1. If we keep just the residues of the stretch 174-197 that are over 27 Å from residue 3 (Cα atoms) and surrounded by fewer than 15 Cβ atoms within 10 Å (Cβ to Cβ), which is farthest from the ligand (Cβ to nearest atom)?
2. Hey, does the stretch 26-39 have a residue that's among the small types (Gly, Ala, Ser) and more than 19 Å from residue 282 (Cβ to Cβ)?
3. Could you tell me whether the stretch 140-155 includes any residue that is within 30 Å of residue 226 (Cα to Cα) and outside any helix (DSSP H, G or I)?
4. Which one of the conditions (1) exposed (fewer than 13 other Cβ atoms within 10 Å of the Cβ); (2) modelled with pLDDT under 95 does residue 255 fail to meet, given that it meets all the rest?
5. Name the residue, out of 139, 128, that is farther than 29 Å from residue 85 by Cβ and polar (S, T, N, Q).
6. Could you list, ordered by first residue, the pairs with Cβ atoms under 9 Å in which the first is in the stretch 240-254 and closer than 26 Å to residue 30 by Cβ and in contact (Cβ under 8 Å) with a residue 40 or more places away in the chain and the second is open to solvent by 60 Å² or more (accessible area, probe 1.4 Å) and within 16 Å of the ligand (Cβ to nearest atom), at least 6 apart or interchain?
7. Mind checking which helices (runs of 4 or more DSSP H) fall wholly inside the stretch 1-103 and carry at least 1 residues that are modelled with pLDDT under 80, open to solvent by 40 Å² or more (accessible area, probe 1.4 Å) and of a type in the set (Val, Ile, Thr)?
Amino acid sequence: MLRSVILAASRSSQVERLVATAPYTRDVVRRFVAGAATDDALRATRGLVDDGLAVTLDHLGEDTVTPEQATATRDEYLKLLKMLGGAGLTPAAEVSVKLSALGQMFDEQLAYDNARAICVAADAAGTTVTLDMEDHTTTDSTLEVLGRLRKDFPSTGAVLQAYLRRTESDCRELSSAGSRVRLCKGAYKEPESVAYQSAHEVDKSYVRCMNILMSGDGYPMLATHDPRMIAIGEDRARWFDRGPERFEFQMLYGIRPEEQARLAGEGYTVRTYVPYGDEWYGYLMRRLAERPANLVFFGRALISKK
Ligand SMILES: Cc1cc2nc3c(=O)[nH]c(=O)nc-3n(C[C@H](O)[C@H](O)[C@H](O)COP(=O)(O)OP(=O)(O)OC[C@H]3O[C@@H](n4cnc5c(N)ncnc54)[C@H](O)[C@@H]3O)c2cc1C
């Protein structure tokens, strides 16, 4: 219920204005977002890489509605990749891209062309790209674009969401050699016809999908903060004899940093997903929807006079 309300608010421009102008919003945003500028992203990446973590960078922005916005997003990624390469932060850092930010909603070919340009730049910088997955109406289109990109850039990563009923089958399709697949639970509000609704069902699906990916030939990227899913991931790594070069854990910037350090300390590959940029609103609201404790923290900061 609370999750639905927050996810609905994530689409409201009135609530966005209210949140953006509240006095201590910036402090809350800073916990989950590296900053507004490319330099902020680089600084955060340097810190994480020095701490032994890998990174994937996300330039915030989604639901782009004009070709000019899509091109501007592409150009920001091209600039970022050049800077990452120049700073010696590749291949430790890769980038995560939302096709909706590249024009998918109004021109799939434009989104493909923009994504391809980003793959070319990533390849030149010695790293790769992962295509984030958005709501279920975009899944087929995103997997179609992924297939086209992988012809020239086979290391392009996919994201599959365990809450979707179709995902076990997609995991089977995408568990071939060299296929990088991030498995997450899923962050959007989806109807019962396509998605499991209870946390328990989603968790069971996550484990089934993890079993398929960890026993397959691809490169699984287990994106979760859930202690139970992480423990099962560690167990499957032992069971299927997967060393740190054959799978990785992924978590979001600012969430369970001690656990990220613990896993890296135990020799696992751990990648932190680092968002940056001005358009933090939708991203922040999805994080709040996931965890009421974050909402309390946020509410306190919003009303605080200190
Ligand atoms: C690297 C990465 C990339 C992602 N990419 C996508 C994507 O492309 N598309 C998409 O739809 N979703 C994406 N997500 C979001 C994902 O789908 C989930 O919404 C999100 O990760 C929350 O699910 P969870 O597995 O962490 O567990 P949850 O079910 O949210 O939480 C389970 C347990 O994890 C622990 N936990 C969770 N959050 C915290 C916290 N803040 N502090 C302490 N403990 C906590 C608690 O013990 C909690 O009970 C991504 C997530 C990650 C980590």
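The values are calculated or read from the model by the stated rules, or taken from the named source; none is laboratory data. Quantities reported herein were computed from a predicted structural model and do not represent experimental measurements. We place every Cβ from the backbone using ideal geometry, glycine too, and count neighbours over all the protein chains shown. With ligands, DNA and RNA removed, areas are computed over all heavy atoms of the protein, side chains included. Shrake-Rupley method; radii C 1.70, N 1.55, O 1.52, S 1.80 Å.
1. 177
2. The answer is yes; a qualifying residue exists.
3. Taking every residue of the stretch 140-155 in turn, at least one turns out to be within 30 Å of residue 226 (Cα to Cα) and outside any helix (DSSP H, G or I).
4. Here residue 255 meets the rest and fails (1).
5. Among 139, 128, only 139 is farther than 29 Å from residue 85 by Cβ and polar (S, T, N, Q).
6. Hits for this filter: 253/31; 254/30; 254/31.
7. By residue number, 2-9, 13-21.
Conditions (1) closer than 12 Å to residue 156 by Cβ; (2) touching a strand residue (DSSP E or B) at 6+ places or on another chain (Cβ under 6 Å), marked per residue:
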| site | (1), (2) |
| --- | --- |
| 93 | no, yes |
| 96 | yes, yes |
| 100 | no, no |
| 116 | yes, no |
| 121 | no, no |
| 124 | no, no |
| 137 | no, no |
| 140 | no, no |
